[in-house]
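Before any comments, here is the structure.
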């Protein structure tokens, strides 16, 4: 927890110490430059996201999608003797249009369309991580749990509009509540001496046999030498991130063959950073 436990103990040991609670806040916001991995697919290879090839006999339908650039924002709050809290939102959307005819059951809905079909796979998510730090002198290591709320889903519609569009959100049953994925979390960071650049990486993962959610990034953060640094540090951050979602034919004993998918999105990001 950024060594705040040691700092808090020293403060309480001084008779005239201030009773003000020590709080550390880090935040960032910026822009993702996303690209999709080759062969990404959903619904057990029924839809190949990055292809425009159609094979009705297989059946396999290319959605001709591309990963769109998106926004991200995060904030981390550290309070002495309590777990750190990190909240992060990330926009992650794949969109495309292709011309084909299809009649299949997908995610519990009948997919019957013909002509120019516009589709979207929205993997945008909101993370809430609770972590504990190891008091090491050179690097900061935080580990804990991350609850990821999937906010989007899969949708498709045809240009003629003669059939109802497909709308399959990531939700629990018919309740409309977002799908929440519990994941393990680990981050490591350290500052390069003499350069003033903080370098680090983090990973959230949920390995369940053939089913795996893994999201990792590495980045560097530099704070400008401004007169206001005593109050708040302002700077920039840049790095590379990778999102991978694999759903196998079986997940913890359940048959998930209809949902079997493999999607990977990665790319560089650049944003502003703040610390106070």
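The values are calculated or read from the model by the stated rules, or taken from the named source; none is laboratory data. Quantities reported herein were computed from a predicted structural model and do not represent experimental measurements. Please note: Cβ atoms are built from the backbone with ideal geometry, for glycine as well, and neighbour counts cover all protein chains shown.
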Original post:
Before we move on, is residue 57 farther than 28 Å from residue 269 by Cα and either at pLDDT 95 or above or not in a strand (DSSP E or B) (or both)?
Top reply: yes
Original post:
Is at least one residue of the range 79-93 touching a strand residue (DSSP E or B) at 6+ places or on another chain (Cβ under 9 Å), under 30 Å from residue 183 (Cα atoms) and exposed (fewer than 15 other Cβ atoms within 10 Å of the Cβ)?
Top reply: yes
Subject >> the range 31-53: number of residues that are surrounded by fewer than 19 Cβ atoms within 10 Å (Cβ to Cβ) and either assigned to a strand (DSSP E or B) or at pLDDT 95 or above (or both) >> reply: 3
Original post:
Mind checking which residues of the range 81-119 are closer than 17 Å to residue 151 by Cβ and in contact (Cβ under 8 Å) with a residue 40 or more places away in the chain?
Top reply: 87, 88, 90, 91, 92, 93, 94, 107
**OP:** Go through (1) under 30 Å from residue 220 (Cβ atoms); (2) touching a helix residue (DSSP H, G or I) at 6+ places or on another chain (Cβ under 7 Å) and name the single condition residue 44 misses.
**Re:** (1)
Subject >> Test: residue in the range 237-259 that is in contact with a strand residue (DSSP E or B) (Cβ under 9 Å, 6 or more places away or on another chain), assigned to a loop (DSSP other than H, G, I, E, B), surrounded by fewer than 16 Cβ atoms within 10 Å (Cβ to Cβ) and modelled with pLDDT under 90 >> reply: yes
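So which of 200, 133 ends up being part of a strand (DSSP E or B), surrounded by 14 or more Cβ atoms within 10 Å (Cβ to Cβ), in contact (Cβ under 8 Å) with a residue 24 or more places away in the chain and in contact with a helix residue (DSSP H, G or I) (Cβ under 9 Å, 6 or more places away or on another chain)?
Result: 133 is the single residue among 200, 133 that is part of a strand (DSSP E or B), surrounded by 14 or more Cβ atoms within 10 Å (Cβ to Cβ), in contact (Cβ under 8 Å) with a residue 24 or more places away in the chain and in contact with a helix residue (DSSP H, G or I) (Cβ under 9 Å, 6 or more places away or on another chain).
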Subject >> Residue within the range 181-196 that is closer than 21 Å to residue 67 by Cβ and either out of contact with any helix residue (DSSP H, G or I) (no Cβ under 9 Å at 6 or more places or on another chain) or surrounded by fewer than 17 Cβ atoms within 10 Å (Cβ to Cβ) (or both) present >> reply: yes
**OP:** Could you check the range 136-195 for strands (runs of 3 or more DSSP E) lying wholly inside it with 3 or more residues that are under 30 Å from residue 260 (Cα atoms) and more than 22 Å from the chain's Cα centre (by Cα)?
**Re:** 153-158
